[in-house]
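The values are calculated or read from the model by the stated rules, or taken from the named source; none is laboratory data. Quick caveat, the model's predicted, so the values are computed rather than measured. Cβ placement follows ideal geometry from the backbone for every residue including glycine, while neighbour counts extend to all protein chains displayed.
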């Protein structure tokens, strides 16, 4: 039993260096007109920060008070040196440095009012395998979170055999397991594999799955993804998805074996759907939580309105850190969703992924403030009810 150690976690998977030029907030035009060929665009300083789930989610968990072990790979090059410097001397030794391999980096183009574009080199992430996870150290952790198999070649090859092997070993080490993904590039190998077949192998070993609504639609139902994208036009595609869409996809994921499905919906916040008590009860061997309050839940919690906007870099990872921290600390589902959205709000007020994240006490105080403005969320689907005191929608499948 690891219930007494529930604040210790390992975050493994994708890590890189993010290079983010700062654009003038008053710049006008579409992405194609601002960055047209042959044009010189004056920008501010370049913000150097760690990126990827290992750094974004891992360091955010640490700022929220979780004892975190980072498990990623970097090359023996200048970019790797910068990554290790940024994660700090306390956690850099847990990163594996490999010779004669290039570290991963991304150039993040975050224009005001436009969704981000990433120029990405996967580097050492493409050589990461299940054997690179420190399972011995994992035995002292209650949570194993893995991020971005969609950007790591070994984990989507061979119909996900390596990914399934890693999560199976993580479960055998005695941890609650969670996973995050990215939206695959349709023209890349990751965008052309059968993710449904991969999930059928992997998800029986995954307790908590936290994709975005676009990511999971692309991976489970490409036709739905394309339809919603066309319906949205120039608007944010997340606005086109309905609670029914989220319900169908979450039920499909739970049928494959996941206990908790938390779907990120961008400005619309978080949708949550959970399995029955039998599936969740096994997780109590790793984390002490109230199974009754978590079983058979269906909730939607809206996001908070940012009074200033830096960028959305790492925003999804930040919300995941908030959600997982709340779960590890024994909060109920509604409170965990509100913590997730609050940490996301902290993130988007800054250009980088980590500097805006507050400590746990400050975050809890923010969550308890009912006057903090929220972005509009209007759910009128049958069976959904809003509880103003909690600022949360409850779905027709919710059992409480």
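Results, tabulated for the structure shown:
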quantity: Helices (runs of 4 or more DSSP H) contained in segment 78-159 and holding at least 2 residues under 19 Å from residue 19 (Cβ atoms) and modelled with pLDDT of 95 or more; calculated: 78-87
quantity: Test set (1) surrounded by 15 or more Cβ atoms within 10 Å (Cβ to Cβ); (2) in a loop (DSSP other than H, G, I, E, B); (3) in contact with a helix residue (DSSP H, G or I) (Cβ under 7 Å, 6 or more places away or on another chain) - residue 398 fails condition number; calculated: (3)
quantity: Conditions (1) surrounded by fewer than 18 Cβ atoms within 10 Å (Cβ to Cβ); (2) in contact with a helix residue (DSSP H, G or I) (Cβ under 8 Å, 6 or more places away or on another chain); number of the one not met by residue 324; calculated: (1)
quantity: Segment 95-116, residues that are surrounded by fewer than 19 Cβ atoms within 10 Å (Cβ to Cβ) and over 30 Å from residue 27 (Cβ atoms); calculated: 96, 97, 98, 99, 100, 101, 102
quantity: Residue 177 vs. criteria assigned to a strand (DSSP E or B) and buried (at least 16 other Cβ atoms within 10 Å of the Cβ); calculated: yes
quantity: Number of positions in segment 167-202 that are touching a residue at least 40 places away in the same chain (Cβ under 8 Å), in contact with a strand residue (DSSP E or B) (Cβ under 7 Å, 6 or more places away or on another chain) and over 22 Å from residue 337 (Cα atoms); calculated: 0
quantity: Candidate set from segment 1-43 (those that are assigned to a strand (DSSP E or B) and closer than 19 Å to residue 66 by Cβ); member that is modelled with the lowest pLDDT; calculated: 8
quantity: Some residue of segment 44-57 being without any contact (Cβ under 8 Å) to a residue 60 or more places away in the chain and not in a loop (DSSP other than H, G, I, E, B); calculated: yes
quantity: Identity of the residue in segment 261-283, free of Cβ contacts under 8 Å to residues at least 60 places away in the same chain and out of contact with any helix residue (DSSP H, G or I) (no Cβ under 6 Å at 6 or more places or on another chain), that ends up nearest to residue 232 (Cα to Cα); calculated: 276
quantity: Members of segment 345-378 that are touching a helix residue (DSSP H, G or I) at 6+ places or on another chain (Cβ under 8 Å), over 16 Å from residue 304 (Cα atoms) and surrounded by 15 or more Cβ atoms within 10 Å (Cβ to Cβ); calculated: 353, 354, 360
quantity: Considering residues of segment 384-393 that are surrounded by 13 or more Cβ atoms within 10 Å (Cβ to Cβ) and at pLDDT 95 or above only, the residue farthest from residue 369 (Cα to Cα); calculated: 384
quantity: Subset of segment 303-320 (residues that are under 16 Å from residue 339 (Cβ atoms), in contact with a strand residue (DSSP E or B) (Cβ under 9 Å, 6 or more places away or on another chain) and not in a strand (DSSP E or B)); calculated: 303, 315, 316, 317, 319, 320
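Residue by residue, here is whether (1) modelled with pLDDT under 95; (2) farther than 27 Å from residue 109 by Cβ holds:
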site: 338; (1), (2): no, yes
site: 346; (1), (2): yes, no
site: 361; (1), (2): no, yes
site: 371; (1), (2): yes, yes
site: 378; (1), (2): yes, yes
